[in-house]
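Participant: Shown below is the structure under consideration.
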Amino acid sequence: MNGRKRAAIKASTSIIPVVNQESPILPCRILLLPRRTIYEILARLPIKTLFQCRSVCKRFLCFISDPEFAKLQLLKSQVCILIKTQPLQNASKRLQLAHVESSGSNFEVSKLNFTPKSNIPTIDISHMNACNGLLCLVGSEKDYNLYVCNPILGEFITIQPPYKDRQRGSFWGLGYSTMMDQYKVLQSYYPVVESNNRYVMAEIYTIGTGTWRCIGNAPIDTVAMPFNAFLNDALHWFPCTPNGSEFIHTFDFNSEKFGTLPPPDHFREDDKKFTNYSRIGVLGGCLFMIYFTNSSRFDIWVMKEYGVKETWTKQFVIENLYPKQGSWDFYEPMVVLNNGEILMLYNNDAVVCYNQKRKNLRGTKFFRTRSQFDATAYTPSLVSLDNVAKGEQISRMQGTKDYDKLCTDEFQDCVDCGAQLVNPICSFSPFGVAYGAVNYHNFQADIYGRNPENRCAACTDRRVAPTKSFLSLWNL
């Protein structure tokens, strides 16, 4: 073969054939799944990751902002530890949230900080508690307001007391009524500031109504809410009295009445004086109670069936406690990890972990504070006050209004294919493909109502001309 033929063959092999056929446009595959399946997938993500998914695209934003998704996510969300130092340290004006998981003998800790600029309305608070994804903050002595907020979304409402010329009592709490599907705030108060006959009254505020209602007398005992007090639509606590208390006290948000629950049978008359050192709360969806057998050991009794005295069961035995720092040490179980270890609040200044197999305690460094702190159970959620506080004046922290505008004002669906429209004249999706290239007919139901006049550019073109390619639409 001569040189001229070899050159011709080489040139022919270097020519790239031109195919007069455009590459297919691939949709985002997860959006082809049924809506319920997408919700099940997203609901299992950590709250930090889930919140970041709001920025992926506008359809993800609308999925995550759907009230039905918020309910599903709340059911699957795990209890986290929320702390507030006391007194609040000037160098750390924030609330700290930690989600702890076990990884063998180690911990995997995810942390979030809640600050007044981004998450919560104020840091000048005296108490806090949480219920079903919302957080209730009680103002300081100078601020008699209460705040109910979702620090994840940066939303809050301000609840003012009905009268400012009276003294607030020691009892208050946020709760939820499943029967009425309403959040409620309970607080006690003294009708007269100065009086020889000091009696305590209770009032309740149903979020969404804007009014307080008196519900009669309240327990006069000083109340310190446990780490996790809410179960079965009720708050639970031990009164802080010198003589102790024989019963577990409750407040039911369905009936709006105070009540009691019986302790285990072995709870003797002499044990009442130790209720100030004992603790109650919720572990694994069941009410529990601590029973001290001596200064170096206590038992954790669990009520397997709520309200049934005979179902109290001794489930955990905590031995080899730390040497006493004072007359008595305080231990409060908070979370049981997947490996069986139990996280406990110790003397309100540390979180310790008890290993049931080794029967020993070890310290943790989840929160590095130089003072004591209050801790409460908080379940991060995407429950929006727009859906549970209708009629209230809802305030938002900076940076959240843009999300609301994107989700409500600019999002619409094409009436033919169901594709997302940023507005009726926009024809390109956040994924960079033409609207109409992705078919959403797999969805069992529409999430948002459709305007019959709104169609994507691709569906509009199909009605008047043959289907155009993406490049053709781009050149229009």
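Participant: Just to verify a result, which residue in segment 191-230, among those that are surrounded by 20 or more Cβ atoms within 10 Å (Cβ to Cβ) and among the aromatic types (Phe, Trp, Tyr), is modelled with the lowest pLDDT?
Facilitator: Ranking the qualifying residues of segment 191-230, first place goes to Phe227.
Participant: Does Ser92 satisfy the condition of being among the small types (Gly, Ala, Ser), modelled with pLDDT under 85, under 25 Å from the mean Cα position of the chain (by Cα) and not assigned by the TED database to the domain that holds Val138?
Facilitator: No.
Participant: Cβ-Cβ under 8 Å, sequence separation 6+ or interchain: first residue in segment 29-48 and without any contact (Cβ under 8 Å) to a residue 24 or more places away in the chain and outside any helix (DSSP H, G or I), partner of a type outside the set (Val, Ile, Thr) and open to solvent by less than 60 Å² (accessible area, probe 1.4 Å). Which pairs?
Facilitator: Within 8 Å, the pairs are Leu45/Cys53.
Participant: Here is a follow-up. In segment 369-421, which residues are crowded, with 16+ Cβ neighbours inside 10 Å, assigned to a helix (DSSP H, G or I) and modelled with pLDDT of 90 or more?
Facilitator: Leu385, Asp386, Val388
Participant: Residues Gly281, Gly307: which one is at pLDDT 85 or above, surrounded by 12 or more Cβ atoms within 10 Å (Cβ to Cβ) and either assigned to a strand (DSSP E or B) or of a type in the set (Ser, Thr, Tyr) (or both)?
Facilitator: Every option except Gly281 fails the conditions.
The values are calculated or read from the model by the stated rules, or taken from the named source; none is laboratory data. These figures come from a predicted structure and were not determined experimentally. Heads up, the Cβs are rebuilt from the backbone with ideal geometry, glycines too, and the neighbour counts pull from every protein chain shown. The accessibility values were calculated without ligands, DNA or RNA, using every heavy atom of the protein model including side chains. Shrake-Rupley method; radii C 1.70, N 1.55, O 1.52, S 1.80 Å.
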